[in-house]
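K.L.:
There's a structure below that I have some questions on.
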Amino acid sequence: MSTTRIVGWLRNALAVVGLMAIGYWFGASRVVRADSSSGNGVEFQLTGVSDMSTLLVYQPSEKSVYVYRGATAGNATVQCSFKFVLGAPGAAVQRVNCPVGSAFH
């Protein structure tokens, strides 16, 4: 290996280490939190993108999980299939049919 290649490699390595140190120094005082709200927001999960997909929407204030079957197929308006009403951990989960015409827009 020639001296110029070694110097170039060393310069690049020091530059990377320096940039990492600067990034660490600027980010060290910040704390990242996934969610610091009181939990009143709606959470959702989409399982698959096909005719068999399901959209689950969790409403913490109601302790309910709404289920929308076939969320990525068909019309632009998706009808709620049913919801699960959650009680205390370990208690029975109640499944309730959604009223006719209830939809997620």
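None of the figures in this text is laboratory data; all of them are computed from the coordinates on show. The structure presented is a predicted model; accordingly, all values stated were derived computationally and were not measured. No Cβ is skipped: glycine too gets one built from the backbone with ideal geometry, and neighbour counts run over all protein chains shown.
K.L.:
Could you give the distance between the Cα centres of segment 1-15 and segment 49-105, to the whole Å?
P.N.:
Segment 1-15 and segment 49-105 have Cα centres spaced 59 Å from each other.
K.L.:
Moving to a separate point now. For Asn75 and Val49, compute 0.36 nm times the residue count separating them, minus their Cα-Cα distance, and round to one decimal in nm.
P.N.:
That works out to 7.9 nm of additional length.
K.L.:
Please report Thr4, Thr54 as a ranked list, fewest other C-beta atoms within 10 angstrom at the top and most at the bottom.
P.N.:
Ascending number of Cβ neighbours within 10 Å: Thr4, Thr54.
K.L.:
Return a whole-number percent for the relative contact order of segment 43-104, with Cα pairs under 8 Å and 6 or more residues apart as the contact set.
P.N.:
24
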